[in-house]
Amino acid sequence: MNAQAQAAAPESYAAPQEFIAKAHVDAARYEEMYAASIADPDAFWGEHGLRLDWIKPYSRVKNTDFTFGQVSIKWFEDGTLNVAQNCVDRHLETRGDQTAIIFEPDDPNAPAQHITYRQLHDKVCRMANVLRSQGVTRGDRVVIYLPMIPEAAYAMLACARIGAIHSIVFAGFSPDALANRINDSAAKVVITADSAPRGGRKTALKSNTDAALLHCSDRVRCLVVKHTGDQTTWVDGRDVDVKALMDHAAPDCPAEEMNAEDPLFVLYTSGSTGKPKGVVHSSGGYLAYAAMTHQYTFDYHDGDIFWCTADVGWVTGHSYIIYGPLANGATTLMFEGVPTYPDAGRFWAVCEKHKVTQFYTAPTAIRALMGQGNGFVEKHDLSSLRLLGSVGEPINPEAWNWYNEVVGKGRCPIVDTWWQTETGGHLITPLPGAIPAKPGSATKPFFGVKPVVLEAESGKLIETPEAEGVLCIADSWPGQMRTVWGDHDRFQETYFQQYKGYYFSGDGCRRDADGYYWITGRVDDVINVSGHRMGTAEVESALVAHAQVAEAAVVGYPHDIKGQGIYAYVTLMNGVEPTDALRKELEAWVRTEIGPIAKPDLIQWAPGLPKTRSGKIMRRILRKIAENDYGALGDISTLADPSVVEDLIENRMNRG
Ligand code: WT7
């Protein structure tokens, strides 16, 4: 796909001259800064760490070790700071009356809110005092299960202010998923809302939370934001009306002095094995990295209106709706709704209404909107836009071209940003004034980032300019995750064991003769559904938890809109009839076990699964059949029973 696009399209697309002239970094400056960042990381990050306000300045910059068995990552380790102070208080003098957050509600007829830095300070302090009144102190965990409303930002920053560690659970997750995260992090408090309106429909967050709390300690307090005013149950002594308490709380709250290495948040993400792991991010290094990438990747300047359409439940929302922009004193837009409500022009209506200058979204949204036709875009005045961003999965050239031509009118550089929950911020991305884009490539490394391509099997470093293999990173950067919550061994095993001395991303990639990186997708058992990461093992364990399922194997397959769809092979218990009703029941089952994003797109009844003689499921074969590419199954002679493959091919679900 990428090769074809390169043949049909110009090699690369540089930003317009007038963009480059005003950009923070041009090509020469990128080369110079990148070289400096690699030659002397201590000097480079020592200088750029100063973009934050430190209570006690650091004297040591980088102290990191990727050696398996003793992995340790520390940045600015003797410095102290407060993240909320950096995102709010320090802007009061210079930009107290500037809008920090524009809130655009789900309902297009409801008024937008413009929250200034001064107002943000007031709300964050009040929320922090409410948390303190509930017994939350530094180091405690607070789970946040909220819609995309300003209170989510207040809650994050209130935690940061008092040194509590937040863990946001995406509002689309089920009660079970919420309970698991509350329990794994041993949270003292969960903050939720009555309900979450999205696309004119509502999710009952409070009743989900009630269901989750049945599986948690009785001591967990439930702070409820009355957002829609919907009726909910109320447990006296456990449930607390946050807004009412905020109204009566003091509007000032001293900020805790935190160490740079104190955890700022835990964010659970899916891996190739077992239950989701709690990715731990630091205070100092994370914030410096989120802020710096926000400024440079998006070429953010004072006066810009920055919109990242992600949900704060994902890392993209953490780094590029809240922490990066606010640390930079930016104006950041928070959107409660969905791209297709009230119609497929909503994104463009919001860009026009708020004069958005940088717009950052996911390929899956671009493909879905592209399918609705150009009329929805052309109705709106998008002349405020200066730059477009993409994140979450490789962007296919068709979508890239549409984004470029129809949305950007050929005058907005596109930044295709490759990164992960684990990386805290962009690792491979064009800087728009410096690096011409090639559609489908995340282009080149950010400052301080050393990507390497290794042979997948041997782990050998490929030193030629052109390379294809697995993508690893050779040295640490300040935004890197520090550990897995409560399980440092799992951290080391997941990222540092397979390829010794490197951070292993889990992605495959190709490097071209110009040194551009092309991400080819996950090489592990993780699939990427609409830019959301899903462990196939997680969906499998949900399926086998159903009384009528004996065995299940889940793989990804190409999906026009979602990038990858979820394809499940299910073996039923002896004597159970495979019916359409049961198929529907299993879909609903996975929705309640994990959440709607995990619902299988296709379920194939499999009388047997292809296994080796030692009993290992041969996923390679299942992937091929799911991709409708069963002619190239390769060697199946090691299968215990090769005949199961014929049945699977004959009854395959994806014939497109
Ligand atoms: C995985 C990380 C942090 C971004 C949101 C998803 C894939 C992400 C790109 C891109 C190609 C991408 C990778 C990565 N991915 N961005 N620009 N081009 N692939 O975060 O849930 O932690 O998923 O998303 O496969 O490993 P995540």
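The values are calculated or read from the model by the stated rules, or taken from the named source; none is laboratory data. All values reported here derive from a predicted model rather than from experimental measurement. Using ideal geometry, Cβ is built from the backbone for each residue, glycine included, and neighbour counts are taken over all protein chains shown.
Within region 412-438, residues that are closer than 17 Å to residue 300 by Cα and free of Cβ contacts under 8 Å to residues at least 60 places away in the same chain reach partners that are in a loop (DSSP other than H, G, I, E, B) and within 11 Å of the ligand (Cβ to nearest atom) with beta carbons closer than 6 Å, at six or more positions or on different chains, in the pairs 416/395; 416/442.
Of the residues making up region 309-326, those that are hydrophobic (A, V, I, L, M, F, W, C) and within 11 Å of the ligand (Cβ to nearest atom) are 310, 314, 315. Among all residues of region 401-424, there is none that is over 30 Å from residue 506 (Cα atoms), modelled with pLDDT under 95 and out of contact with any helix residue (DSSP H, G or I) (no Cβ under 7 Å at 6 or more places or on another chain). Being modelled with pLDDT under 95 and either away from the ligand (no atom under 13 Å from the Cβ) or within 21 Å of the chain's Cα centre (by Cα) (or both) is a condition met by at least one residue of region 373-384. Looking across region 437-448, the residues that are within 14 Å of the ligand (Cβ to nearest atom) and in a loop (DSSP other than H, G, I, E, B) come down to 438, 439, 440, 441, 442, 444, 446. Taken as a whole, the structure leaves residue 285 outside the set of residues that are surrounded by fewer than 24 Cβ atoms within 10 Å (Cβ to Cβ) and of a type in the set (Gly, Ala, Ser). Restricting to region 528-546, what's the tally of residues that are within 16 Å of the ligand (Cβ to nearest atom), buried (at least 20 other Cβ atoms within 10 Å of the Cβ) and either more than 18 Å from the chain's Cα centre (by Cα) or in a helix (DSSP H, G or I) (or both)? The total comes to 3. One residue stands out among those in region 139-182 that are among the hydroxyl-bearing types (Ser, Thr, Tyr) and more than 17 Å from the chain's Cα centre (by Cα): the one that is surrounded by the most Cβ atoms within 10 Å (Cβ to Cβ), which is 154. If you go through region 236-287 and pick out every residue that is on the phi > 0 side of the Ramachandran plot and touching a residue at least 60 places away in the same chain (Cβ under 8 Å), you end up with 1. Regarding residue 511, is this residue among the basic types (Lys, Arg), farther than 25 Å from residue 291 by Cα and surrounded by fewer than 18 Cβ atoms within 10 Å (Cβ to Cβ)? Spelling it out, it is not the case that residue 511 is among the basic types (Lys, Arg), farther than 25 Å from residue 291 by Cα and surrounded by fewer than 18 Cβ atoms within 10 Å (Cβ to Cβ).
Taken over region 200-218, residues that are in a loop (DSSP other than H, G, I, E, B) and modelled with pLDDT of 95 or more amount to 6.
For region 346-372, the candidate set comprises residues that are touching a strand residue (DSSP E or B) at 6+ places or on another chain (Cβ under 9 Å) and of a type in the set (Phe, Trp, Tyr); within that set, the residue that is nearest to the ligand (Cβ to nearest atom) is 360.
Of the residues making up region 618-632, those that are buried (at least 17 other Cβ atoms within 10 Å of the Cβ) and of a type in the set (A, V, I, L, M, F, W, C) are 618, 621, 622, 625, 626. The residue that is surrounded by the fewest Cβ atoms within 10 Å (Cβ to Cβ), among those in region 514-527 that are more than 9 Å from the ligand (Cβ to nearest atom) and more than 17 Å from residue 473 (Cβ to Cβ), is 514. Can residue 409 be described as surrounded by fewer than 18 Cβ atoms within 10 Å (Cβ to Cβ) and at positive phi? Taking the combined requirement at face value, the residue satisfies it.
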